[in-house]
Amino acid sequence: MVNVKEYLELFITQSKLTDKLNNLQLPDIYLEQDKIKVLMINEVTPLNPEDFFYSSMDKPDYMKTTLPLFHNAGIHVDSIQDIINKGIYITTAVKCPKTGYSVERNVIETHAVILEEEIHLFPNLKVIMLMGDVAKKAFNMIAKKNIKKNVIPSEATYKIRKNQYFYGDIRVFPSYIMTGGNILIEKSKVSMITEDIREMADVTGIALE
């Protein structure tokens, strides 16, 4: 059992990254690492920490878009704890909010060091889902460091999402960001994310309801 926030805070301090990080938001959740089969990596944390996946609020904004995507895929969950109990852990590639329209490469690089350590927490991962371009960029940085090549091609997600990609034995899905005010009205993206979650469930043996 580990508290992810406490674990990553210690790693950040020991790695002397504290001075490079502002407005940090880390998942404040206890979990059993060996039971996590799926890692879903979204883009950034919200401007308001109360909107984060792991907020103590009853229905944070991030969950208002995330839960319907699971429901559409046939996975009945009502909270982040329900998602964890299915063996699915959600995090962000960048642990702070955006400061502009896009996320600068040097920011992604800094946070990729933390993300890599976060991935190491889970010895039994079967699937990593990259929810959006920032997640794809961060994960490719980690892959390039460790296996000297990108895992996901630098092409539009809709062109490559039907292909199978692997990082060692872990299946890697390129998908779309699952938070934000417009996501649930973008029907084509909702449909594709739903398909990806359903396929993830099939790969990992998570039961659909």
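The values are calculated or read from the model by the stated rules, or taken from the named source; none is laboratory data. Small disclaimer: the values here were computed from a predicted structure and weren't measured. Every residue, glycine as well, gets a Cβ built from its backbone with ideal geometry; the counts of neighbours run over all protein chains shown.
Quick one: in the range 85-100, of everything that is farther than 15 Å from Met129 by Cβ and surrounded by 14 or more Cβ atoms within 10 Å (Cβ to Cβ), which residue is modelled with the lowest pLDDT? Ranking the qualifying residues of the range 85-100, first place goes to Lys98. If you check every pair at least six apart or on different chains, which have Cβ atoms under 7 Å apart with a residue in the range 190-205 that is among the small types (Gly, Ala, Ser) first and a residue that is at pLDDT 95 or above and not in a helix (DSSP H, G or I) second? The qualifying pairs are Ala201/Ile75.
Here Lys5 fulfils each of the conditions (1) over 24 Å from Asp169 (Cβ atoms); (2) touching a Lys or Arg at 6+ places or on another chain (Cβ under 9 Å) apart from (2).
Within the range 182-198, restricting attention to residues that are surrounded by 18 or more Cβ atoms within 10 Å (Cβ to Cβ) and touching a Lys or Arg at 6+ places or on another chain (Cβ under 9 Å), the residue that is farthest from Ile41 (Cα to Cα) is Ile183. Taking first residues from the range 32-59 that are free of Cβ contacts under 8 Å to residues at least 40 places away in the same chain and partners that are among the charged types (D, E, K, R) and not in a loop (DSSP other than H, G, I, E, B), the Cβ contacts under 6 Å between residues at least 6 apart in sequence or on separate chains come to Asp51/Asp61; Met57/Glu50. Considering only residues that are within 17 Å of His71 (Cα to Cα), among the charged types (D, E, K, R) and out of contact with any Phe, Trp or Tyr (no Cβ under 7 Å at 6 or more places or on another chain), which ones fall in the range 154-198? Those that are within 17 Å of His71 (Cα to Cα), among the charged types (D, E, K, R) and out of contact with any Phe, Trp or Tyr (no Cβ under 7 Å at 6 or more places or on another chain): Glu186, Lys187, Glu195, Arg198. Taking the conditions exactly as written (under 24 Å from Ala207 (Cα atoms) and touching a residue at least 60 places away in the same chain (Cβ under 8 Å)), does Ile170 satisfy them or not? Judged against the criteria, Ile170 is not a match. Set side by side, the residues Ile183, Ile128 differ, and just one is at pLDDT below 95 and either more than 25 Å from Leu31 (Cβ to Cβ) or out of contact with any His (no Cβ under 8 Å at 6 or more places or on another chain) (or both), which is Ile183. If we scan the range 131-141, do we find a residue that is within 21 Å of Gly74 (Cβ to Cβ), surrounded by 18 or more Cβ atoms within 10 Å (Cβ to Cβ) and touching a residue at least 60 places away in the same chain (Cβ under 8 Å)? Yes: the range 131-141 contains one or more residues that are within 21 Å of Gly74 (Cβ to Cβ), surrounded by 18 or more Cβ atoms within 10 Å (Cβ to Cβ) and touching a residue at least 60 places away in the same chain (Cβ under 8 Å). Of all residues being touching a helix residue (DSSP H, G or I) at 6+ places or on another chain (Cβ under 8 Å) and touching a residue at least 12 places away in the same chain (Cβ under 8 Å) in the range 8-23, which is farthest from Thr92 (Cα to Cα)? Just the residue, please. Among residues in the range 8-23 that are touching a helix residue (DSSP H, G or I) at 6+ places or on another chain (Cβ under 8 Å) and touching a residue at least 12 places away in the same chain (Cβ under 8 Å), the one farthest from Thr92 (Cα to Cα) is Ser15.
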